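What follows draws every value from the coordinates through simple rules; no lab data is involved. From a predicted model like this one, the values you see are computed outputs, not experimental measurements. Backbone-built Cβ (ideal geometry, glycine too); neighbour counts: all protein chains shown.
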Amino acid sequence: MSTETEHTTESDKSDDEHSHEHPSDKKYFQIAGILAVLTALEVATYWLESVPGEILIPVLMIMMVVKFFYVAAWFMHLRFDNSLFMKFFVSGLILASVVYAIFLTVFEFWHKG
Amino acid sequence: MTQTMEPSSMETSNGENSHRPLGVYTRPKGGSGWRDWVTTVDHKKIGILYGAAALLFFVIGGIEALLIRLQLATPDGTVLGADTYNQIYTMHGVTMIFLAAMPLAAAFANYLIPLQIGARDVAFPRLNAMSFWVFLAGGIFINLSWLLGGAPDGGWFAYSPNTGIVFSPSHGMDFYAIGLQITGIASLVSGINLTVTIFNMRAPGMTLFKMPVFTWMMLVVQLLLVFAMPVIAVALFLLTFSRLFGATFFTPELGGDPLLWQHLFWIFGHPEVYILVLPAFGIISEVIPTFSRKPIFGYPFMVFSGIAIGFMGWGVWAHHMFASGIGPVSVAAFSLSTMFIAVPTGVKILNWMATMWGGRIKFSAAMLFAFGVVSMFTIGGLSGVTHSIAPADTQQTDTYYIVAHFHYVIFGGIIFGLFSGFFFWWPKVFGHKLSEKMGKLNFWVMLIGFNLTFGPMHILGLQGMSRRIDTYSPGFGFEAWNLVVTIGSFIIALSVLIFLINVITSARNARGLPPIGPDPWDARSLEWITPNPTPAHNFDEIPIVESLDEFWHRKYGSDEDGKVVRVASAEDVCQDGSAEGVHLPSPSYWPLVFAIGLPFIGLGLIYSLWFCVFGGALALMGLYAWVFEPVDDPDVDHHEPQKEDASD
Amino acid sequence: MKPFSSYRTSRFYLLFLAFFLFFTGCSSDAELDTLEPQGPSAQSIDSLSNPIFIIAGIILLLVAGGNIYMWRFRSDHSDEDFPTQSHGNLKLEILWTIIPVLILAGVAVFTLITLAEINSTEDNAMALSVEGETVSWEPEVVVVGQQWWWEYRYYLDGLEGVDLSDARNLPPADIVTSTQMVIPTGEEIELKILSRDVIHSHWIPALNGKKDAVPGRVHPWKIEADEPGVYFGQCTEFCGLSHSRMRMQTVAMEPIDFQNWVNQQMQPASNPVSETAKRGQETFDSLCTRCHVVNGLNDETSIGADLVSNAAPNLTHFMSRTTYAGGIFNLYEPDGSLDRSQLEAWLRNSPEEKPAYAQGRRGMPNMGLNEKQIDDIVAYLQTLGARPSSEIISATEVE
Amino acid sequence: MTNQTHSEETTTGLSHNKLGMWVFLGSECLLFGALISTYLLYRGRFADGPAPGDIFDIPFTSVSSFVLLMSSLTMVLALSALQRGDERNNRLWLLTTALLGAVFVGGQVYEFTTFLREGLGYTTSPFSSAFFTLTGFHGVHVSLGVIFLMSLYVSSARGNLHKERAETVELIGLYWHFVDIVWIFIFTVIYLVPSPTS
């Protein structure tokens, strides 16, 4: 299969598997630090009783998404790996989010808060 | 878990492994052929196994259908009691959907996908074997319930709380929930396997948009499986935990909502409809161009409409629940989304017709069945539109009108499509054609029986005959049509019998004759480059693909007027099956051992934990042995290169 | 009284022309026919689905015609003769995407209108004299499904303050009947559909579409009949063993007849006079009141809560209904006399007559009555409630 | 597993295993999505039993969540070590990850028994069934991960886990991180977002 380079159009954009360096351990520690701080902030909201849910919940969600993003992007290497991996994972993620959001909407979940 | 996924051995004759002993790994031959079959990891043999097992279940499901029709042939029927009837109609649905239609599609997918994309096997051959054995184990497990105190009696849709322990005290529903969980594992694993296969194992030059429509539709199906099976898995877990451990998901007294089951079930259930029908669409998208001597009309639209159907299939599930009490806004939203899913389906029908239009159509048996899909599925599609209209559906749902609708889709669409595939690819698989004469007879008998069976059901439904009733009283105008329906169902049975006889007599007539030559149909796609029947190693050398319908383009070119002219004979184009330096994965017992463990775990959950211990130990042993077993053993004494078909 | 005629062949004709050409002359009385609307909701559904059947029929004819035309292109492939190798046509693709979208968009508009119609409620009220007082009744009926019969409960003071959240323990109602829902004509009746055990579905095709009865939920629906008549229905959600034997009827009466019916139903049962009936009452009291209520005899059942659904039909006005056992047996012969043998058979061994899991406390068990007890109980039952009009009795017959 | 992946031979240039793993993780999104939605639907339906807002011990769960979060760090360090060919550190981090995972599972067992003592049985209410099912499923995933990690550790200790097989560690790592991000979601949505109280 030595002649295939000009035919495998898809591998053109995907040959980056080794064209990058994975982050250094130091970077991983930094990310873990960010995650730890975010978790601390999240947990701190537990003692803030005066914050109304309309503000608290979006803030919690944002922090959650950021943590989610950091783990997926750095620890799971989605940032560096081929985008096909991300496409499969994100399709599952988006499909699940949309389908179950509709599901909960049909049950009038959001009205009850 | 990931350790069970093995790397493929897509090795070809490049320099890297030229130092190895070359040769085809030939499977154990001779007297004890069964060992060959139970240990095989060859996608073609697994495809055949899927097909054989699924046909067996198809016959069982068909017998159940006949019993249903005997009971309903006359008013106040007494052939079956109410209890037996409920078990039989439940098992008819479960068997036909999970144990016949899905594995039949898996049979085609397994056999054909690697061939159509120019690969030697699937990405994970042993996982593929595991999928089959797990499916078979699950199918046998569900049917064991007949012998162990009664089959499931809550319908294939198993609406809670009627399937709870209070209302269904026999173990039937446990067998249903655990059995489908087991077959679900098979579907999920094979979905992942074939997805990776299609993405990763295409021959050089075969871009996604040079893949045959069949492979495309199968890709959509595999993705649907990957994303839909977990949903039914959760639903079945909730049901199992409720029945076995007293979980209160569906206990209204404590606040459990029975609609939870319905949503989870149909979030899976509607994509499932497309999981069932898209393979048939793929099959006839290969058959129609071949026998019309034209390329498929609007290839990109065929592909995109398939993707669109698969995608939109996720947004319509609650149309099964218009009468369930989900609130008018939800009903309106799902009603509209359902209507518009008709558009890509319509695009497909019209493209098939445009493919045939102006062609040189040869009405072979395969083509007749494909033709049957185009016309019969249209009826199912149109009646589908009539109940996407939610207000109309409140009259039609749960009546025989719906039964008519989905049988036009499932039988008219899927079964006709699969039969088309049988006739088309039989020579590819077995090296001889099925009798065309009997095939055509088969088609006409089936068409007549099918319409006599399911056509009158439209009328019965609009006359108000409810579904899932074990009997009806005289005087509601149901008598005459029900008799017609029953007669029709026996005509269908006759047509299936004709098919089975055809299989046997065709094989008998072919005995002793050399295998059929290459290209019996003047076909178009890559699988026909290999000899018939396909040798174990598939391709002597992986072809380099330049166009859609690669095989056809190697046979035909065009002259200066743009007219089609033959540039090469099929014999020149086809490979002769002589293998050089092909290294195939070795057979393995462990997928089978693992699969045998699962039903014992199921029995253990129902009866005694000792079964669990035994089954768990068996499954674990299978897994561990599997992990530590080499994918293919380089020390195995490989046989000399063999010519598979030119031995004389 | 039967408001049914032969069903309209035209729609079938269009939809199934290809296959049922020679059957189109057929007609029959189909009591559950969905194409014979007798009330506004059913009518608006019918007016919506009629054109859709026609559109679908036309499309089917076009496709079928196209398919038949393909015969022209047959060939035996023996030559090297190739048709033009057309790969597609963008304009055509766009065309046959847009046209269905437009058709469906049109259909969608009418669908939404009809959906709004059948889900809207009217603020209607009818004057009803209840125990000498005139009340303004906003017609509402609580519909309760259980294995395998329907109960209908009337709260004449309105449903405000009536707790419907636990279908197995509903507050006492003014009128409780089963299997036959009686309604006044020309009034929109709001239904609250409940279930005591599994999911059922309430469906009177001539009057409206169906709506599921789901345990733990209260589903609103409505029903209205234009003309007096007996309208048949059938449970349409699979509900276990005797699902096929869970039928019901809606009896529509002129408002004046409805007033009479209400008056009768409000009466408790009177004590029987004849000796057999008295003996029957004793037997009934000792055996049947474990599950059944007869107002005036017992207001509570003794083992009620042990039943899965916590309910058995209220028999106070048994004779005023023309059908029993989940609507599968007629109480009266067509000539208006009691169908005694069927009733006796039912009392003798009901699981034989209608499958039920009596041992699982669902459905009426075999009470092991002897013939004399059966005779007595039949005599007693005959004292319960007034016989309905002969029109209703004859309309209950399906043949 | 003598045969290494020939990623340069696949159409996309990606290894089958890794692609398969990601497809599987995409599929798992739907599984956990269904379980989480079921929980959200039922969190207010606690019948006569304890309500989620009354029973959750946020400080305790925060600690065990933190433990699981940090195990993602050690996991990625294990992989990074092996990719450098540093088998000793790889083993060390694998073992640490497994231990952190085990601590998390232990915390969950402790939480469950506490809840049980406080009257929240599996069958108490739809809330309790949904809660135990969701967190139980997650716990089973973590436990399986611990078993995988220990298998890798044993394999490495016996001298069978070298740089060329780093992909196996990467695959287990992907699984491990996925289970971690599911918990990130569960921790916020189920524990931190204020729950109904009785």
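Brief remarks follow.
- Each residue of region A:88-100 was assigned a 3J(HN,Hα) from its phi angle through the Karplus curve 6.51 cos²θ - 1.76 cosθ + 1.60 (θ = phi - 60°); the sequence is 5, 5, 5, 4, x, 5, 5, 4, 4, 4, 5, 4, 6 Hz, with glycine and proline shown as x.
- For chain C, the relative contact order works out to 15 percent when only alpha carbon pairs closer than 8 Å and six or more residues apart are counted.
- Percent of Cα-Cα distances greater than 63 Å, calculated over the protein assembly as shown: 15 percent
- Solution diffusion estimate, µm²/s, Stokes-Einstein, chain C, Kirkwood Rh from C-alpha pairs, 25 °C, viscosity 0.890 mPa s: 103 µm²/s
- Pair-distance distribution P(r) for region B:144-204, from all Cα-Cα distances in 10 Å bins starting at 0: 21, 35, 19, 14, 9, 2 percent.
- Radius, Kirkwood style, for region B:448-499 when every pair of distinct Cα atoms is counted (Å): 11.5 Å
- Summarised in one figure, the compactness ratio Rg/Rh of chain B, Cα atoms and Kirkwood Rh, is 0.97.
- Sorted peptide list for C:171-184, B:312-325, criterion being average Cβ within 10 angstrom, highest first: B:312-325, C:171-184
- Counts of other chain beta carbons within 10 angstrom of each beta carbon in peptide C:67-76 average 6.
- Protection proxy ranking of B:165-171, B:138-144 - average other beta-carbon atoms within 10 Å, highest first: B:138-144, B:165-171
- On the principal axes of its alpha carbon atoms, region B:334-477 extends 51, 36, 25 Å, with the longest extent given first.
- Highest mean packing first, where packing is the average number of other Cβ atoms within 10 Å per residue, the peptides B:389-395, C:347-353, B:239-245 line up as B:389-395, B:239-245, C:347-353.
- Aspartates and glutamates with Cα under 12 Å of residue B:433, excluding same-chain neighbours fewer than 8 positions away: B:519
- Amide H contacts under 5 Å for residue C:182, placed H, 5+ residues apart: C:251
- What the Cα atoms of region C:114-231 give is an Rg and a Dmax of 13.9, 41 Å.
- Relative exposure of D:162, B:553, B:387, judged by other C-beta atoms within 10 Å (fewest first): D:162, B:553, B:387
- 3J(HN,Hα) from dihedral phi, region C:327-337, Karplus parametrisation 6.51/-1.76/1.60, rounded to Hz, x for glycine, proline: x, 9, 10, 8, 6, 10, 6, x, 7, x, 7
- Taking the three principal axes of the alpha carbon atoms in region C:133-177, the coordinate ranges are 36, 19, 14 Å, sorted in descending order.
- Straight-distance candidates among the aspartates and glutamates for linking to residue C:354, with alpha-carbon spacing under 13 Å and chain neighbours fewer than 8 residues away dropped: B:76, B:83, B:470.
- Counting only other chain Cβ atoms within 10 Å of each residue's Cβ, the peptide A:81-90 averages 6.
- Straight-distance crosslink candidates among lysines, where the alpha carbon sits under 18 Å from residue C:211 and sequence neighbours closer than 8 are dropped: C:192, C:222
- Cross-link table B:440/B:555; D:18/D:163; B:428/B:563; A:87/B:210, entries beyond 24 Å C-alpha to C-alpha: B:440/B:555; B:428/B:563
- Relative exposure of A:90, B:593, D:182, judged by other C-beta atoms within 10 Å (fewest first): A:90, B:593, D:182
- Taking every residue in B:241-248 and counting other chain Cβ atoms within 10 Å of its Cβ, the average works out to 5.
- Mean ellipticity per residue at 222 nm, deg cm²/dmol - from DSSP H runs of n ≥ 4 across the protein assembly as shown, formula -39500 (n - 2.57): -18000 deg cm²/dmol
- Length-normalised contact order of chain B in % [C-alpha pairs under 8 Å, at least 6 apart]: 20 percent
- Calculated on the Cα set of region C:204-290, radius of gyration then Dmax: 18.3, 48 Å.
- Per residue, the convex hull spanned by the Cα atoms of region B:461-587 measures out at 279 cubic angstrom.
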